[in-house]
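Notes follow the structure.
The values are calculated or read from the model by the stated rules, or taken from the named source; none is laboratory data. Keep in mind it's a predicted model, so treat the numbers as computed, not measured. Here the Cβ positions follow ideal geometry from the backbone for every residue, glycine too, while neighbour counts run over all protein chains shown. All accessible areas refer to the heavy atoms of the entire protein, side chains included, with ligands and DNA or RNA removed. Shrake-Rupley method; radii C 1.70, N 1.55, O 1.52, S 1.80 Å.
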Amino acid sequence: MMAPDSRDGGASCACKGIRRCLVCEQLKGKGQSEANEIKTVHHFLYDPETRLAACKDATAASFLFPGVFLWENFISEEEEEELISSMDQDVWTESQSGRRKQDFGPKVNFKKKKVRLGGFSGLPALSQKLMLRMQQEPSLADFKPVEQCNLDYHPQRGSAIDPHLDDSWLWGERLVTINMLSDTTLTMSLEQGLPELGLAEEIHTAVQLPRRSLVVLYGEARHRWKHAIHREDVHRRRVCSTYRELSAEFLPGGQQAELGAQLLNIALSFQGTPI
């Protein structure tokens with residue numbers, strides 16, 4: 001089924017609670033969360049060559065920023081075009097904060113810690129060669145994705161994703177994302193700061209994501225620092241595919257290893273359609 005053209009602004013949204021996008025702001029007005037809140041934030045920029053976070057105004061010392069791996073030009077222009085064309089043949093579902101999404105994975109209730117197969121039929125066919133390429137990187141040699149989420153961002157919808165930590169009950173150590181169609185900035189934030197470095201206030205570290213690059217979050221960047229894409233950092237249509245692996249509980253030796261094996265067998269059939 002042909003998807004609606006996600007390159008336009010759209011006229012509907014799926015925002016709930018405090019989430020908002022330009023569509024619901026125009027319809028309902030801006031919420032109280034728009035009130036100006038004055039707080040001190042230290043801004044740093046991540047350097048993938050040195051793996052240091054450097055203070056943008058040079059008022060604080062640089063520090064080692066652990067847990068980020070960036071692979072530029074992970075896919076070619078031709079592959080990017082093929083991937084986006086394939087995604088746009090499927091339905092994009094309205095999501096929160098102006099995003100649209102396509103899910104390839106099991107149905108999960110994170111609060112109740114329950115997983116069911118639902119309509120999960122595997123990852124999409126084109127992801128097979130991407131996984132094999134990822135595994136050429138030594139740090140991803142054993143990476144086996146069990147879930148893929150495609151997200152579509154557009155400035156006309158005010159698309160963004162708020163600072164958050166991904167689940168670590170079902171999802172494992174590494175979060176792998178391919179960034180497509182435009183450059184953007186991944187903002188890593190630490191509300192409590194780094195008092196040991198004399199930074200008691202909130203810290204934001206900007207990780208620049210070039211078009212067609214792959215980024216991996218692991219370690220402290222995965223479990224301690226929240227990550228976000230801010231509205232002002234979406235300048236053109238942006239599509240990303242995030243791949244997640246299973247946690248130890250669902251791997252051999254874990255309490256739910258049998259279910260994990262079943263999920264992986266389905267995922268790695270690469271016959272999936274969005275659920």
- Message: Bin width 10 Å, origin at 0, all Cα-Cα pairs of the range 148-275: what percent of pairs per bin?
- Response: 11, 35, 32, 18, 3, 0
- Neighbour net charge for residue 109 - beta-carbon separation under 15 angstrom, K R +1, D E -1: +3
- Query: Helix-derived [θ] at 222 nm for the chain: sum -39500 (n - 2.57) over DSSP H runs of at least 4, divide by residue count, nearest 500?
  - Reply: -4500 deg cm²/dmol
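Using the Cα centre as the reference, give the magnitude of the dipole from point charges on the C-beta atoms of the chain (Lys, Arg: +1; Asp, Glu: -1; all else neutral), rounded to the nearest 20 debye. Can you show the working numbers first?
On the way: 33 positive and 38 negative charges, 200 e Å.
Using Cβ point charges on Lys, Arg, Asp and Glu, the chain gives about 960 debye.
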- Query: Measuring from centroid to centroid over Cα atoms, what is the spacing of the range 104-129 and the range 170-222 in Å?
  - Reply: 24 Å
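What is the percent carbon and sulfur in the accessible area of the range 105-233, measuring with a 1.4 Å probe over the protein chains and ignoring ligands?
On the way: 2690 of 5380 Å².
That share works out to 50 percent.
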- For the range 204-275, what mean projected area does the convex hull of the alpha carbons give, in nm²? 7.3 nm²
- Probe 1.4 Å, all protein chains in place: accessible area of residue 40 in Å², nearest 10? 80 Å²
- residue 112 paired with residue 81, simple spin-label distance in nm, labels 7 Å along Cα-to-beta-carbon: 4.7 nm
- Message: Let's test the formula: R0 of 41 Å, r as the Cβ-Cβ distance of residue 268 and residue 194. What FRET efficiency results, to the nearest 0.05?
- Response: 0.55
- Using a 1.4 Å probe, how large is the accessible area of residue 24, given in Å² and rounded to the nearest 10? 10 Å²
- Item | Added length on full extension, which subtracts the Cα-Cα distance from 0.36 nm per residue, residue 139 to residue 224 | 28.6 nm
- Hey, what's the chain come to in accessible area per residue, 1.4 Å probe, Å²? 51 Å²
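Placing unit charges on C-beta atoms (Lys and Arg positive, Asp and Glu negative, everything else neutral), compute the dipole magnitude of the range 195-275 about its Cα centre in debye, rounded to 20. Kindly include the intermediate steps, with their values, before the conclusion.
Numbers: 10 positive and 9 negative charges, 123 e Å.
Computed about the Cα centre, the dipole is about 600 debye.
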- Message: Once R0 is set to 35 Å, what does the formula 1/(1 + (r/R0)^6) return for the Cβ-Cβ distance between residue 101 and residue 47, expressed as a FRET efficiency to the nearest 0.05?
- Response: 0.65
- Query: What does the charge dipole of the range 181-220 about its Cα centre add up to, to the nearest 20 debye, if the Cβ of each Lys and Arg holds +1 and the Cβ of each Asp and Glu holds -1?
  - Reply: 380 debye
